[in-house]
Amino acid sequence: MADIPTFFDKTMLMKYDFNVDDIFGTEIDESYHIKNLSIPEDQKKICKSYLKSILLGYNHTYIQHLLSKYGTHSNICLPLVHKWEGSVSVNNMVILSNPDDVERICKRHIKKAPIFTSFLNTSIISTTDNDDWKEQRQKMNMAFIPKLSLQKIFPISQKRASECLERLRDISEHFTKEINMSDFFLQETQAQLQVAMFGFSSEFEQNTNKRIRNAFAGIETEYVHEFSQEALQEALSSDGPLSKMFHKVEDREKALGNMLIFAFAGHDTTGHTLTWLLYELCKQPTYQIELQREIDEYWKNHSKETYSSFKELPFMTKCITETLRLWPALANGTYRELEEDEHIIGIDGEKVFVPKGTYVQIMNWTRHRDSELWGEDVDIFNPHREFQPSEIWNYEGFNSYNVSSERYSPFTYGPRNCIGKNFSHMEMRLILLHIFKHFT
């Protein structure tokens, strides 16, 4: 088991047998049975199935399948094989799905499980040191404050979005051939990140955009390290709000890790949200027409987009909110380590003691698709469903605070919620305004 593949080892993944027999029950196996939390099935088989679901990318639906047997609101415990800190280990992983526990645990225990440290060093998303995280977050918050930062780069983001028509025309050879809209959106969000948030040159963006996206997708993965070095160097001569965070580098490994996480999370989540939204609007054209009418009315009232006028797009907000519910960008949510002993609700509904140091996973997918929380139409795209005010900015259409509730956490819960959520919402609205201005 010393050669557990990573997400990027596509060839190895296809050949891997996920056999845990040689480590389960040995001295490196620190998992143990927790009454009323551990799944009452063969733990070796569960361990193998769980590992397979993680490495092959269907962990969210695997957990959903288990909860369909043990209760959609159940918190459960599974034995997890991982190589987070260099060597293979087996530990308990408590998966939290009960809406009475998730927000409290996430806000109270901000220490991350070391899931990303081997790849992202001590970046803001991977550091397990709370003081380190707070220091990084405080510095980086400045890059995402609406009045101080986002409104200043708004014209750059606006210009890139306004060029969508031209690029779609070129890619489709004057609209004569089909194109991959998922790839298009990922290209656009990576470009928005580079030219607006980092202030990188157009030449740098054009030279690196496709290559870094390919690397994240498993093609020539060695480029991720080359890119992080190049991007860090580019940041030194750029004055975008994110680049300014890298002008004084005291810890190079930390800086390289942050560069990679921004390059990935700063485009992948937003690009896929746009893709799923477009997919749902194609399936349900009545909603597409409703959105187009709202956008047409917007353009009648505005010759140019403004940050403050996004509140005039309430249906667009509903569409984005519903997409983030049905197709959460982070289906698997976030991973934490309990910083003190806890009591959480077990499979039978009774409280269970869980000790300090236990790893927990706060899922999004299972709560976002829980019919008891959302209604029987939970698997259907319905932007007119009744959201709680905290889930949709009190129906104001656009705002900047973190949207969440006990059943909904697309950007996870504070204080360690997604730092780039405001930029994501801004660029999505700009891109959608131009796409649906010109296209059905």
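The values are calculated or read from the model by the stated rules, or taken from the named source; none is laboratory data. These numbers come from a predicted model, not from an experiment. Note that each Cβ is placed from the backbone with ideal geometry, even for glycine, and that neighbours are counted across all protein chains shown. Side chains are part of the model used for accessible areas, which takes the heavy atoms of the whole protein and leaves out ligands, DNA and RNA. Shrake-Rupley method; radii C 1.70, N 1.55, O 1.52, S 1.80 Å.
Annotations
- The magnitude of the dipole of the chain, with charges of +1 and -1 set on the Cβ of Lys/Arg and Asp/Glu and taken from the Cα centre, is near 860 debye.
- When each of Lys177/Lys318; Lys111/Lys248; Lys15/Lys52 is checked by Cα-Cα distance, pairs over 20 Å: Lys177/Lys318; Lys111/Lys248
- Linear extension gain, Lys44 paired with Arg169, 0.36 nm per residue minus alpha-carbon span: 39.7 nm
- Taking the longest Cα principal axis of the chain as reference, the axis of helix 252-265 is set at about 70 degrees.
- Compared with the direct C-alpha span, the chain from Arg385 to Ile156 gains 79.0 nm at full extension, assuming 0.36 nm per residue.
- Computed over protein heavy atoms with a 1.4 Å probe, the accessible surface of segment 222-267 works out to 48 Å² per residue.
- Contact order normalised by residue count of the chain, Cα under 8 Å, 6+ apart, percent: 20
- Within the chain, antiparallel bridges make up roughly 75 percent of the DSSP beta bridges whose residues both belong there.
- Ser237 sits among other residues whose Cβ lies under 15 Å from its own Cβ, and their net charge, with Lys and Arg +1 and Asp and Glu -1, is -3.
- On Cα atoms only, tilt of 151-162 relative to the major axis of the chain in degrees: 80
- At an R0 of 35 angstrom, the distance between the Cβ atoms of Phe315 and Thr176 translates into a FRET efficiency of 0.65.
- With Cα atoms, 0 to 90° folded angle of helix 285-301 axis to the chain main axis: 50
- Straight-distance crosslink candidates among aspartates and glutamates, where the alpha carbon sits under 12 Å from Lys45 and sequence neighbours closer than 8 are dropped: Asp21
- Legend: calculated FRET efficiency, Lys107 to Lys283, from the Cβ-Cβ distance at R0 = 41 Å, rounded to 0.05, equals 0.70.
- Taking chymotrypsin sites (Phe, Trp or Tyr not before Pro) across segment 154-210, the ones in a DSSP loop with at most 15 further Cβ atoms lying within 10 angstrom of their Cβ are Phe175.
- Result for the chain in a Gaussian network model with C-alpha springs under 10 Å: among Thr176, Thr128, Thr412, the largest mean-square fluctuation is at Thr176.
- As a fraction of the 1.4 Å probe accessible area of the chain, surface on carbon and sulfur atoms comes out at 51 percent.
- Remark on Glu342: its backbone amide H falls under 5 Å from those of Val354, Lys356, a criterion applied only to residues 5 or more positions apart or on other chains, H modelled at 1.01 Å from N.
- Take the Cα of Val378, go 7 Å toward its beta carbon, and the backbone nitrogen atoms of segment 83-118 under 15 Å from that spot belong to 96-100.
- Taking a ≥ b ≥ c as the square roots of the eigenvalues of the alpha-carbon gyration tensor, segment 30-86 is classed oblate because a/c is 1.5 or more while a/b is no larger than b/c.
- Tail beyond 13 Å, pair distance distribution of segment 287-354 (Cα, percent): 76
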